[in-house]
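K.L.:
Can you keep this structure in mind? I'll have questions shortly.
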Amino acid sequence: MKGSRVSGELRGIAAAVALAAVLTGCGSGGDGGGVWGGQDEKPASLDSTQMLMALPSKLSAPDGWKGRDPVVKTGERALDICQNDTESNCAGVVAVGTTRLFMSGESSKKIRYGLYSFDTPQNAGVAMKGTVAEERKDAGSAARDLNVDVGADATEAFADGDNDCEVIMRVGSVVIRMQGVEVSDEPTVRKFAQLQVERVRQASAGQNPDA
């Protein structure tokens with residue numbers, strides 16, 4: 001009886017060690033998703049309040065530009081907007097927000113921003129894929145690729161024949177869609193894309209970029 005009890009205890013210890021090894025492996029992260037090990041490793045994500053902070057506002061409009069109040073939707077309304085905008089199923093969508101900046105004076109130049117926050121980077125990637133495919137199709141053979149590298153996890157940027165541009169980016173679990181109306185020169189496009197990427201990262205960390 002004593003020997004059986006010791007043997008059972010040893011088997012219990014071995015099982016606990018094996019379980020700990022499995023849990024440690026799950027926490028290592030990776031492209032497949034799962035559990036992220038530390039706070040710093042978590043991908044950017046936005047709830048509705050953070051999205052309001054992330055969208056460029058009247059206070060953050062660059063010199064010579066004016067802003068409008070951001071609008072954020074959640075629930076079924078967010079799902080409807082996301083599916084219509086991205087041509088994807090929008091599984092895991094958390095919130096959708098929009099705003100725009102326009103140049104002061106009589107200029108018709110505008111920058112439109114759309115943010116789509118998801119529960120995982122994978123779901124965000126699906127929405128980005130659908131958006132890129134649809135907008136590339138609309139631009140057709142006139143599409144001209146733009147070099148807009150501002151540190152996002154994924155970026156697609158191009159201009160069409162009407163001097164407008166599309167910039168579609170993913171930052172963690174957030175898809176950014178930026179549209180330039182009569183704006184397609186790379187320095188300007190890059191400046192406004194950088195503005196939005198930085199604000200998403202700050203808001204995701206709980207910081208109000210306008211503070």
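The values are calculated or read from the model by the stated rules, or taken from the named source; none is laboratory data. Please read these numbers as outputs of a predicted model, since none were measured by experiment. For neighbour counting, all protein chains shown are included, and Cβ atoms are generated from backbone atoms with ideal geometry for every residue, glycine included. For the accessible areas, the whole protein counts, side chains as well, though only heavy atoms, and no ligand, DNA or RNA atoms are used. Shrake-Rupley method; radii C 1.70, N 1.55, O 1.52, S 1.80 Å.
K.L.:
Please name all residue pairs, on different chains or six or more residues apart, with Cβ atoms under 8 Å, provided the first residue is in the range 69-90 and is more than 27 Å from Lys137 (Cα to Cα) and the second residue is at pLDDT 95 or above and open to solvent by 70 Å² or more (accessible area, probe 1.4 Å).
P.N.:
So the pair list comes out as Pro70/Leu52; Val72/Leu52.
K.L.:
Okay, next question. What is the number of the single condition among (1) open to solvent by 70 Å² or more (accessible area, probe 1.4 Å); (2) touching a helix residue (DSSP H, G or I) at 6+ places or on another chain (Cβ under 7 Å) that Glu198 does not meet?
P.N.:
(2)
K.L.:
Follow-up question, since we're still on this one. Being open to solvent by 30 Å² or more (accessible area, probe 1.4 Å), modelled with pLDDT of 95 or more, among the charged types (D, E, K, R) and assigned to a strand (DSSP E or B): is that true of Glu156 here?
P.N.:
Values: open to solvent by 30 Å² or more (accessible area, probe 1.4 Å): yes; modelled with pLDDT of 95 or more: yes; among the charged types (D, E, K, R): yes; assigned to a strand (DSSP E or B): yes.
When the stated conditions are applied, Glu156 passes them.
K.L.:
Considering Asp149, Asp138, Asp162, which residue is over 24 Å from Val72 (Cβ atoms), among the acidic types (Asp, Glu) and assigned to a helix (DSSP H, G or I)?
P.N.:
Numbers: Asp149 fails: assigned to a helix (DSSP H, G or I); Asp162 fails: assigned to a helix (DSSP H, G or I).
None of the other options fit; the residue is Asp138.
K.L.:
State which residue pairs qualify: first residue at positive phi and inside the range 91-120, second residue surrounded by fewer than 17 Cβ atoms within 10 Å (Cβ to Cβ) in any location, beta carbons under 9 Å apart, and separation of 6 or more residues or different chains.
P.N.:
Gly92/Asp119; Gly92/Thr120; Gly92/Gln122; Gly105/Gly64
K.L.:
Restricting to the range 126-135, and then to whatever is charged (D, E, K, R) and more than 30 Å from Asp63 (Cα to Cα), can you tell me which residue is surrounded by the most Cβ atoms within 10 Å (Cβ to Cβ)?
P.N.:
By that ranking, first place goes to Lys129.
K.L.:
Mind listing whichever residues of the range 136-149 are surrounded by fewer than 20 Cβ atoms within 10 Å (Cβ to Cβ) and closer than 24 Å to Glu198 by Cα?
P.N.:
Asp145, Asn147, Asp149
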